[in-house]
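Here is the structure we will look at.
The values are calculated or read from the model by the stated rules, or taken from the named source; none is laboratory data. Since the structure is predicted, the reported quantities are computational estimates derived from the model, not experimental observations. For neighbour counting, all protein chains shown are included, and Cβ atoms are generated from backbone atoms with ideal geometry for every residue, glycine included.
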Amino acid sequence: MKYVLMYTSRPDLAAGADPEAAQLVYKRVYEWFGENAGVMADSGAELLGVETATTVRHGSDGAVVVDGPFNEAKEVIGGFSVIDVADMDAAIAVVKTWPLLEMPGIAVEIRPMVEDYSHMA
């Protein structure tokens, strides 16, 4: 089954991290992708900062474009990957090894993907 991993962070907490320690952890991120290449269905992408975002949302007269993210959460999505593993337990096992989980404010949301749309017909 395919799962989307959404890598989230809290910029307010990440700002206080030791830069040297963070650099060592980021080096391990590249190694992590290599170690998990066998389950990567799509390595996804790292996203640019939220300050680059544009949001399109519902407005009373139709779609409205606003500068920046329109998200009430403190967490921001910094990137995503798609993995293909047997089940949620296997997905959790992969995510538990994500090196950035050592840093403050880091989390990974795991969501199953809809792969079969036959029920929509």
Subject >> Filter result for the condition that a residue is at pLDDT 95 or above, over 26 Å from Pro19 (Cα atoms) and loosely packed, with under 12 Cβ neighbours inside 10 Å, over Ala86, Ala90 >> reply: Ala86
**OP:** Filter segment 90-121 for residues that are farther than 20 Å from Lys2 by Cβ, assigned to a helix (DSSP H, G or I), aliphatic (A, V, I, L, M) and in contact (Cβ under 8 Å) with a residue 60 or more places away in the chain and give the result.
**Re:** Leu100
**OP:** Starting from residues that are assigned to a helix (DSSP H, G or I) and β-branched (Val, Ile, Thr), keep the ones in segment 3-34 and report whichever is surrounded by the most Cβ atoms within 10 Å (Cβ to Cβ).
**Re:** Val25
Original post:
Taking segment 1-34 only, how many residues are among the charged types (D, E, K, R) and touching a strand residue (DSSP E or B) at 6+ places or on another chain (Cβ under 9 Å)?
Top reply: 2
**OP:** Determine the pairs where a residue that is closer than 12 Å to Pro99 by Cβ, located within segment 17-43, has a partner that is acidic (Asp, Glu) and part of a helix (DSSP H, G or I) with Cβ atoms under 7 Å apart, the partner being 6 or more residues away or on another chain.
**Re:** Val25/Glu102
Original post:
Which of the residues spanning segment 35-60 are outside any strand (DSSP E or B), surrounded by fewer than 11 Cβ atoms within 10 Å (Cβ to Cβ) and in contact with a Gly (Cβ under 8 Å, 6 or more places away or on another chain)?
Top reply: Glu51
Original post:
Residues in segment 1-22 that are over 26 Å from Val39 (Cβ atoms) and not aliphatic (A, V, I, L, M): how many?
Top reply: 7
Subject >> The listed residue being among the polar types (S, T, N, Q) and over 24 Å from Arg111 (Cβ atoms), out of Ser60, Ser9 >> reply: Ser60
Subject >> Breaking point among (1) assigned to a loop (DSSP other than H, G, I, E, B); (2) in contact with a His (Cβ under 9 Å, 6 or more places away or on another chain), for Val64 >> reply: (1)
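So that you can scan it fast, the table gives a plain yes or no per residue for (1) modelled with pLDDT of 90 or more; (2) among the hydroxyl-bearing types (Ser, Thr, Tyr); (3) more than 16 Å from the chain's Cα centre (by Cα):
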residue: Ala15; (1), (2), (3): no, no, yes
residue: Lys27; (1), (2), (3): yes, no, yes
residue: Met40; (1), (2), (3): yes, no, no
residue: Gly59; (1), (2), (3): no, no, yes
